[in-house]
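Undergrad: Pasting a structure below so you can have a look.
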Amino acid sequence: MLVVAALRWSDQRAAVDPLTGEVRTDARTSGASAADRAALEHALRLAEAFDGRCLAVTVGPPEAEEMLREALATGAHEVVRVDGPAATVTEDGSETARLLLDGLPDRPDVVLCGDSSADRGTGSTPAFLAQRLGAAQALGLVELSVAGGELRGVRRLDGGRRERLVFGPPAVCSVEPADVVLRRASLPAVIASRTAEIPVARPGSLRYLRAGAPRAYRPRARALPAPREADPHQRMLSLTGALVERTPPTVVRPATAEEAARQLLDYLRRRGYTR
């Protein structure tokens, strides 16, 4: 089970020039918002409940690695930074979703996001992630837990009402920072995260592949021409090759591993297994 926390790196105290309108950001005041930190905490809890692994990913410049080091210190098993500027996002969030999924080394089972970003984002990125993954989406959750192998969430509605959801992976969830605080990292984990190597993915450089259970190799079936005989007995002899002269078994004693591999490949080519 792979649980992904999709974090957004943004400046919590951006300064705007009153004359030019230029937005100036500072790495010292940048990082994850309260909603993203709540998403990371939920991702850590789900990974523990499913006995899986938690991966934190973000799209941003090298300064965003500080946020990923915090994720490592608090318990994330892996982190990935997708290389790109801080504002690599279209107005509807579809480009952010594409870059996030392009940077993942494996297909996620559950994706956790904050319900909104601190830099006036639309909050639509989780919906685009669900669309690209073909996953269920549960947005704006105030509670999220696991029971009986299923995900159970509570969503806030207008008028003080609540909606209870029961769904299973694959799923994309966005959460509100409601009564959920990111756990405190231990001092040894913080020290270890300072020197940890942060993998960097370029957009489009990685593709995930889900492999099945390992099994023995089985060559493809060879295409045989249909027998021309009309008699059933003759057709059976033609299909089975019972009367065909066969090559007697040969014992080979190659001197080197390269020669053994060459003889094996030659035999497979003669038998039609390879080209």
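Undergrad: In terms of the ratio Rg/(2.2 N^0.38 Å) built on C-alpha atoms, what value belongs to the stretch 219-268?
TA: Relative to the rule-of-thumb radius for its length, the stretch 219-268 sits at 1.72.
Undergrad: In sequence order, what are the phi-derived ³J(HN,Hα) couplings for the stretch 126-132 according to the Karplus relation 6.51 cos²θ - 1.76 cosθ + 1.60 with θ = phi - 60°, rounded to whole Hz, with x for glycine and proline?
TA: These are the phi-based 3J(HN,Hα) values: x, 5, 5, 4, 5, 5, 6 Hz.
Undergrad: Moving on to the next point. For the stretch 220-275, report the accessible area per residue in Å² (1.4 Å probe, heavy atoms, rounded to an integer).
TA: Accessible area per residue, the stretch 220-275: 100 Å².
Undergrad: Just to be sure I understand the model, the point goes 7 Å from the Cα along the line to the Cβ. What's the resulting residue 255 to residue 233 distance in nm?
TA: Inter-label distance under the simple model: 5.3 nm.
Undergrad: Provide the net charge surrounding residue 165, with neighbours chosen by a C-beta distance below 13 Å and charges set as Lys +1, Arg +1, Asp -1, Glu -1.
TA: Neighbourhood net charge equals +2.
Undergrad: Quick check: net charge around residue 176, other residues with Cβ under 10 Å of its Cβ, Lys/Arg +1 and Asp/Glu -1?
TA: -1
Undergrad: Ok, one more. So for the pair residue 49, residue 167, with labels modelled 7 Å out along Cα→Cβ, what separation do we get in nm?
TA: That separation, rounded to one decimal, is 1.4 nm.
Undergrad: Determine the sum of side-chain charges near residue 200: Lys and Arg each +1, Asp and Glu each -1, restricted to other residues whose C-beta is under 9 angstrom from that of residue 200.
TA: 0
Undergrad: Give me the distance in nm between label points sitting 7 Å out from Cα along the Cα-to-Cβ direction at residue 247 and residue 202, one decimal.
TA: 4.6 nm
Undergrad: If R0 is 35 Å, what FRET efficiency do you get for residue 181 and residue 132 from their C-beta distance, rounded to 0.05?
TA: Step by step, r from the Cβ atoms, then E = 0.70.
Undergrad: Now a separate question. Quote the FRET efficiency, to the nearest 0.05, computed for residue 266 versus residue 190 with a Förster distance R0 of 51 Å and r equal to the Cβ-Cβ distance.
TA: 0.30
The values are calculated or read from the model by the stated rules, or taken from the named source; none is laboratory data. Here the structure is a predicted model, which means the values were calculated and not measured. All Cβ positions, glycine included, derive from the backbone under ideal geometry; neighbour counts span all protein chains shown. What goes into the accessible areas is simple: the full protein's heavy atoms, side chains included, and nothing from ligands, DNA or RNA. Shrake-Rupley method; radii C 1.70, N 1.55, O 1.52, S 1.80 Å.
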